[in-house]
Amino acid sequence: RVGSSSPSKFDILYNLSDDENVDMDWDNLKFGLTPTDYMYTMKCTNEEKFQKGQLSRYGNIELSPSAGVLNYGQGLFEGTKAYRKEDGRLLLFRPDQNAIRMKIGADRMCMPSPSVDQFIDAVKQTVLANKRWVPPAGKGSLYVRPLLIGSGPILGLAPALEYTFLVYASPVGNYYKEGLAPLRLYVEDEFNRASPGGTGGVKTISNYAPVLKALNRAKNRGFSDVLYLDSVNKRYIEEASSCNVFIVKGNLISTPATNGTILDGVTRRSIIEIARDNGYEVEERGISVEELIDADEVFCTGTAVVVAPVGSVAYQDKRVNFRTGSEAVSQKMYKTLVGIQTGVVKDNKDWIFFC
Ligand code: COI
């Protein structure tokens, strides 16, 4: 409700005023769960479409022990962020792309999905209902987590008979404990993240628990994250546990092509466009680990991660350092992307949605 002095229906319903922010330490936000006030829920059976959802107080949900998601991992998640602009408006970054990606994932996982409009409406309602948790401008963002799960009970292996679409939110700061400092990546050559014909290209919940073993091991050895190799040749880089990866060599920026094993990141796609607009050549293709090692610069992208510079990569017995700092391409990409996301840089691409 831009420039309006009358309260919106959410203000009335939830008794919130525009300038009200919860009292928390906004300068030290981390990427962790802070429970907020409301969540959004919408249900449907496998024979009908999603129709109408509703907001309710944030809290635990009731699920049958035999829910499809608990027993067979039939579930997807998304991640998008809301930012508070200096003028108080709340901005969302390309939530339509998350909605489309959820539809594609739902098809792969045999689930019905909300329409793009339903998805965006649910995200907006969740943000507005929790607006006192959207950090002040420049202090972080409200991370919004849409979930689509097979909530109906099912014992034999088959798609569940009931589905729940749920959206909750939490204020967050930087994803890595390093903050904005360069990451140390470990190239994993034992565990795989995805395989051809599998689900690596969609945001199913079942892609994430299998990487925990490698991630924990790497973190215990002092690394920030793991970079996975393709499961067939163990030669081409794929992505990190929670983000996509780019390499820079001269004026050429390259990222692994989305061939079914790599997540089609919204930030990944946005950076490709921003880089081309800024005169870089960008290629989506296979990138060997030798090419990674030979790069001038490496960086990671993701909704949670944003754009994170990689300071070093360890592969077998080698350790290589890369360019970071104010001259790095990743720094320029970060500034432009975050500028658009926070309303500081003009959005010429209709990427911003107002709540
Ligand atoms: C995101 O970037 O939004 C993700 O979904 C990654 C997640 C592991 C935090």
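The values are calculated or read from the model by the stated rules, or taken from the named source; none is laboratory data. What you see is a predicted model; the values in this text were computed from it and never measured. For neighbour counting, all protein chains shown are included, and Cβ atoms are generated from backbone atoms with ideal geometry for every residue, glycine included.
Output the number of residues of the range 99-110 satisfying the condition of being in contact with a Phe, Trp or Tyr (Cβ under 7 Å, 6 or more places away or on another chain) and touching a residue at least 60 places away in the same chain (Cβ under 8 Å). Within the range 99-110, residues that are in contact with a Phe, Trp or Tyr (Cβ under 7 Å, 6 or more places away or on another chain) and touching a residue at least 60 places away in the same chain (Cβ under 8 Å) number 1.
Residues in the range 304-355 that are over 13 Å from LEU183 (Cβ atoms), touching a Phe, Trp or Tyr at 6+ places or on another chain (Cβ under 6 Å) and among the hydroxyl-bearing types (Ser, Thr, Tyr): 1 in all.
The set of residues from the range 69-84 being touching a strand residue (DSSP E or B) at 6+ places or on another chain (Cβ under 6 Å) and under 16 Å from CYS110 (Cβ atoms) comprises VAL69, GLN74, GLY75, LEU76. For the range 47-80, the set of residues classified as polar (S, T, N, Q) and either crowded, with 16+ Cβ neighbours inside 10 Å or within 16 Å of the ligand (Cβ to nearest atom) (or both) consists of ASN71, GLN74, THR80, listed by residue number. Listed by first and then second residue, the pairs linking a residue in the range 238-255 that is farther than 17 Å from TYR186 by Cα to a residue that is outside any strand (DSSP E or B) and within 15 Å of the ligand (Cβ to nearest atom), with Cβ atoms under 7 Å apart and 6 or more places separating them unless they lie on different chains, are THR255/ARG268. Kindly indicate whether SER151 is crowded, with 23+ Cβ neighbours inside 10 Å, of a type in the set (S, T, N, Q) and more than 14 Å from CYS355 (Cβ to Cβ). Judged against the criteria, SER151 is a match. What are the residues in the range 81-105 that are within 16 Å of the ligand (Cβ to nearest atom), over 15 Å from GLY140 (Cβ atoms) and either of a type in the set (Lys, Arg) or surrounded by fewer than 19 Cβ atoms within 10 Å (Cβ to Cβ) (or both), if any? Residues satisfying the conditions are ARG94, ASP96, ILE100, ARG101, ILE104. Apart from one condition, VAL307 fits all of (1) outside any strand (DSSP E or B); (2) touching a strand residue (DSSP E or B) at 6+ places or on another chain (Cβ under 9 Å); the exception is (1).
THR261 meets the conditions (1) more than 16 Å from the ligand (Cβ to nearest atom); (2) outside any loop (DSSP other than H, G, I, E, B); (3) crowded, with 18+ Cβ neighbours inside 10 Å in every case but one. The failed one is (2).
Cβ-Cβ distances below 8 Å connect the following pairs, each with a first residue in the range 303-331 that is over 21 Å from LEU229 (Cα atoms), a second residue that is charged (D, E, K, R) and assigned to a strand (DSSP E or B), and a separation of six or more residues or different chains: THR303/LYS81; ARG323/GLU297; THR324/GLU297; ALA328/GLU297; VAL329/GLU297; SER330/GLU297.
For the range 266-289, the criterion of a residue being assigned to a loop (DSSP other than H, G, I, E, B), within 16 Å of the ligand (Cβ to nearest atom), farther than 18 Å from LYS332 by Cβ and in contact with a helix residue (DSSP H, G or I) (Cβ under 9 Å, 6 or more places away or on another chain) is satisfied by no position.
Residues in the range 132-148 that are more than 16 Å from the ligand (Cβ to nearest atom) and either buried (at least 20 other Cβ atoms within 10 Å of the Cβ) or under 30 Å from PRO112 (Cβ atoms) (or both): TRP133, VAL134, PRO135. Which residue is farthest from the ligand (Cβ to nearest atom), if the candidates are limited to the range 290-303 and must be over 22 Å from the mean Cα position of the chain (by Cα) and not in a helix (DSSP H, G or I)? Across the range 290-303, the extreme among qualifying residues is ASP294.
Can you work out which of the residues in the range 204-231 that are under 18 Å from GLU78 (Cα atoms), among the hydroxyl-bearing types (Ser, Thr, Tyr) and in contact (Cβ under 8 Å) with a residue 40 or more places away in the chain is surrounded by the fewest Cβ atoms within 10 Å (Cβ to Cβ)? Restricting to residues being under 18 Å from GLU78 (Cα atoms), among the hydroxyl-bearing types (Ser, Thr, Tyr) and in contact (Cβ under 8 Å) with a residue 40 or more places away in the chain, the top hit is SER206. Quick test of your reading of the structure: LYS43 fulfils all but one of (1) more than 26 Å from ASN174 (Cα to Cα); (2) crowded, with 19+ Cβ neighbours inside 10 Å. Name the failing condition by number. Condition (2) is where LYS43 drops out.
Among helices (runs of 4 or more DSSP H) entirely within the range 1-115, having at least 2 residues that are under 23 Å from PHE354 (Cβ atoms), modelled with pLDDT of 95 or more and among the hydroxyl-bearing types (Ser, Thr, Tyr) singles out no element at all.
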